[in-house]
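First the structure, then my questions, so here it is.
The values are calculated or read from the model by the stated rules, or taken from the named source; none is laboratory data. Computed from a predicted structure; not experimentally measured. Glycine gets a Cβ as well: all are built from the backbone with ideal geometry, and neighbour counts include every protein chain shown.
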Amino acid sequence: MRQSAASGRRSPPVRDQATVGASLARIYGLVLRYWYVIRSSWPRAAELVYWPLVQMLMWGFLQSYLAQTSSFAAKAAGLFIGAVLLWDILVRSQLGFAVAFLEEIWSRNLGHLMMSPLRPFELVAALVAVSLIKLLVAMIPVATLAYVFFDFNVLSLGFAFAAFFANLVIMSWSLGLVSTGVVLRWGLGAESFAWLIVFIFLPICCVYYPVATLPYWLQPIALALPPTYVFEGLRAIVLEGAVVGHLMVKAFALNVLYFAAGFAVFAYFLQSARINGTLVQMGE
Amino acid sequence: MQKPVSQSNGALPPPVAVRELTKVYRDVAAVNGITFTLASGAITALLGGNGAGKTTTISMLMGLVVPTSGEARVFGADMARERHKVLHRMNFESPYVDVPMRLTVRQNLEVFARLYGVLDRTARIARIAEEFRLTEMLDRPYGKLSAGQKTRVSLAKALLNEPELLILDEPTASLDPDTADWVRSKLEVYCRGHAATVVLASHNMAEVERLADRVIMLEAGRIIADETPDELINRFGRANLEEVFLAIARRGAEGAEGSP
């Protein structure tokens, strides 16, 4: 066993903490913690799939009905179901991020995490990874069933789907950062904020209708939000077979700004919680 | 290993050095200008009634609360700004902070071993599980254990990285006397065997008398006594630390009642 030269005391049997490898090991450790939780409870895993499945079925059947009565709906096959699948990517990814963090407060474990060598950006990285895992657990079965029931293959969107997916999950992480920051600062009293924040984007981001439908004054706000470009892009592909690269570039540029702002808000509220002492009162 | 944070003269800094530490919440000073240094290998009890400032002091030592003024240094690192340099050399245990209930004991120890960068995790977990009589329950969910078993798991978690500084917040609260005695014995063995520095917050005076080399007594955020348990007992002319604590607490209460 190694000895500390000055004190004669044994050095702790831990690895060098300052390396990238140590950082990745801590992130992996925390991801493992959330994976164990998902694995330990089948109702939790089922719950991940439940709402996206219900939504997909509802919009799928609605679209089938409209297709029989409307030439537009018949032409726009896949529009609603594609929109609902993409919307659920945003919702499930944000909730996956936020709920993983809430787990720490519900289980009164946050003190242990904050006292451990885990750094704030490593906590964020673990939450990002967990949100992706939960998203895949939820969306792979639902996207498969959308193909089986309604003959809608999300992969038929090709490269655009990868761009849609990336832009939506990055936006969801930005929202997750803000919502967890708020919970860090104000505790479980602000929990509902983490659950609800994403839904304000449902009407403004024009999930099911074009931006032009919005009142004139609301359109600049919609165009300042990355998901708006994703849903506009979906409509452009389905209705016109158009190329959407320029829309995705705009969405990505906005996402970079939103993610940086989200992390700054998270870091600010974390520091604020340390100043106000709320970090040690979490869960109480 | 990371280089230890050293002082300008090259000497290793003390495990804990607190200088003029103050924390004010709105208009209330939870901790009011306290100063103390802990020597390596010492077990120091922080005592005081509810609201005396123990939890806030401990929170600032861990870097979870930022001081309003003054500083709390651990192994030379300012815990308000550079806590990540030393967190792997510390750990803590408190019955008021749980580990995840749904995870098994083994999974919890595995996760924390990774967070602390423990080398040779499997062997370390097996060894500490045996030491804390947890081997039989390694695959049981933490949430299904008794209070005594949970405390043993929390202690195992706290000692996973063989911390040089161990912070204990009422480590035997809500335990039956036999289990509490067993826990104290384990802590004694660990601290003496590893020359670990310990900060112990407790309301159990018998525990403090048995474990602590030194007592820092807080009242309204200030240090009102800082000596060994025996010195404190002698100075107050009492039979034990419990009586000293009661005498100080009642004196404070009478003072408060008599004040305008």
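Contact list please: Cβ distance under 9 Å, first residue in segment A:195-206 and free of Cβ contacts under 8 Å to residues at least 40 places away in the same chain and assigned to a helix (DSSP H, G or I), second residue surrounded by fewer than 14 Cβ atoms within 10 Å (Cβ to Cβ) and of a type in the set (Val, Ile, Thr), pairs at least six apart or on different chains.
A:ILE204/A:ILE221
Right, next: If we keep just the residues of segment B:1-44 that are basic (Lys, Arg) and at pLDDT below 90, which is nearest to the chain's Cα centre (by Cα)?
Across segment B:1-44, the extreme among qualifying residues is B:LYS3.
Out of (1) β-branched (Val, Ile, Thr); (2) in a strand (DSSP E or B); (3) at pLDDT below 90, what's the single condition that is false for B:VAL199?
With (1) β-branched (Val, Ile, Thr); (2) in a strand (DSSP E or B); (3) at pLDDT below 90 applied to B:VAL199, the lone miss is (3).
Here is a list of conditions, (1) among the hydroxyl-bearing types (Ser, Thr, Tyr); (2) closer than 20 Å to A:TYR34 by Cβ; (3) more than 10 Å from chain A (Cβ to nearest Cβ), and B:TYR116 meets all of them except one; can you say which number that is?
Condition not satisfied by B:TYR116: (3).
Would you pick out the residues in segment B:80-105 that are more than 10 Å from chain A (Cβ to nearest Cβ) and at pLDDT 90 or above?
B:ARG81, B:GLU82, B:VAL105
Another one. Answer with yes or no whether B:GLY143 is at the interface with another protein chain (Cβ under 10 Å from one of its Cβ atoms), touching a residue at least 24 places away in the same chain (Cβ under 8 Å), out of contact with any Phe, Trp or Tyr (no Cβ under 8 Å at 6 or more places or on another chain) and surrounded by fewer than 22 Cβ atoms within 10 Å (Cβ to Cβ).
In short, yes.
Right, here's the next one. Can you work out which of the residues in segment B:52-78 that are without any contact (Cβ under 8 Å) to a residue 60 or more places away in the chain, at the interface with another protein chain (Cβ under 10 Å from one of its Cβ atoms) and among the aliphatic types (A, V, I, L, M) is farthest from B:ALA126 (Cα to Cα)?
The selected residue is B:VAL66.
Sort out which residues of segment A:219-270 are more than 22 Å from A:ALA162 (Cα to Cα), under 17 Å from the mean Cα position of the chain (by Cα) and surrounded by fewer than 18 Cβ atoms within 10 Å (Cβ to Cβ), and write them in order of number.
A:ALA261, the sole residue that qualifies.
Within segment A:148-178, take every residue that is out of contact with any helix residue (DSSP H, G or I) (no Cβ under 8 Å at 6 or more places or on another chain) and in a helix (DSSP H, G or I) and give me the one that is nearest to A:PHE269 (Cα to Cα).
It comes out as A:ALA162.
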